[in-house]
1. Can you work out the Karplus-derived ³J(HN,Hα) for every residue in the range 81-91? Use 6.51 cos²θ - 1.76 cosθ + 1.60 with θ = phi - 60°, whole Hz, and x for glycine or proline.
2. Taking the Cα atoms only, what angle lies between the long axis of helix 117-142 and the longest principal axis of the chain, rounded to 10 degrees?
3. By how many degrees, 0 to 90 and rounded to 10, does the Cα axis of helix 63-74 deviate from the longest principal axis of the chain?
4. If you line up the long axis of helix 49-60 against the longest principal axis of the chain, both from Cα atoms, how many degrees apart are they, to the nearest 10?
5. So what's the back-of-envelope 222 nm ellipticity for the chain, counting only DSSP H runs of four-plus at -39500 (n - 2.57) apiece and dividing by all residues, rounded to 500?
6. Show me 33-40, 132-139, 107-114 ranked by packing, highest mean number of other Cβ atoms within 10 Å first.
7. Using a Gaussian network model on the chain with a 10 Å cutoff between Cα atoms, which of Arg104, Arg14, Arg68 fluctuates the most?
8. Give the residue list of chymotrypsin sites (Phe, Trp or Tyr not before Pro) in the range 1-101 that are DSSP loop and have at most 10 other beta-carbon atoms within 10 angstrom.
Amino acid sequence: MSTTTKPTKRPEFRNINLSDLMGYASKMPIAAKVSILHRISGMLMFLLLPFIVWLFDNSVSSQVSWERFTGLFSGTLGMPGWFYKLIALALIWAFLHHLIAGLRHLYMDVSHSAVNKAFGRSSAIFTLVLSLGLTVLLGAKLFGLF
């Protein structure tokens, strides 16, 4: 008797490229996206910490350093002022998003009974709307729109 055995299909491993990652990101729930943005905002604040310390030092040391600080945003120190304003705007977003998402996580840790899928989705949307809204408001002030 001749028995033919079917070869078993071996798992297929392939490289993941950027388009695959975008496909995964589009399938993620909003709470997962907020969580990833929370990590990105923390990393951004950490990496730009020397710039933050330098800005703070120039803003409080002396009258001359204050003039250097204000000259940075007016474009008198080499690079255009809008470039530094964009960096400051990224820091504003990172701080606001990290703060609001952190408060969201703290609230969920304290109130275990309130954590469910609907609350996670609504609080994630609230976090995004509030952080982006405040960033737009402070960015308008930073760029002199009011």
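1. x, 5, 5, 5, 5, 5, 5, 5, 5, 5, 5
2. Approximately 30 degrees, to the nearest 10.
3. The angle comes out at about 50 degrees.
4. Approximately 20 degrees, to the nearest ten.
5. Working: 6 runs with 108 residues, N = 146.
Counting only the DSSP helices, I get -25000 deg cm²/dmol.
6. Numbers: 33-40: 16.6, 132-139: 15.0, 107-114: 9.8.
Result, highest mean first: 33-40, 132-139, 107-114.
7. Its mean-square fluctuation being the largest, the pick is Arg14.
8. Working: sites: Phe13, Tyr24, Phe46, Phe51, Trp54, Phe56, Trp66, Phe69, Phe73, Trp82, Phe83, Tyr84, Trp93, Phe95; in loops: Phe13.
Qualifying residues, ordered by number: Phe13.
None of the figures in this text is laboratory data; all of them are computed from the coordinates on show. Everything numeric in this text was worked out from a predicted model, so none of it was measured. Using ideal geometry, Cβ is built from the backbone for each residue, glycine included, and neighbour counts are taken over all protein chains shown.
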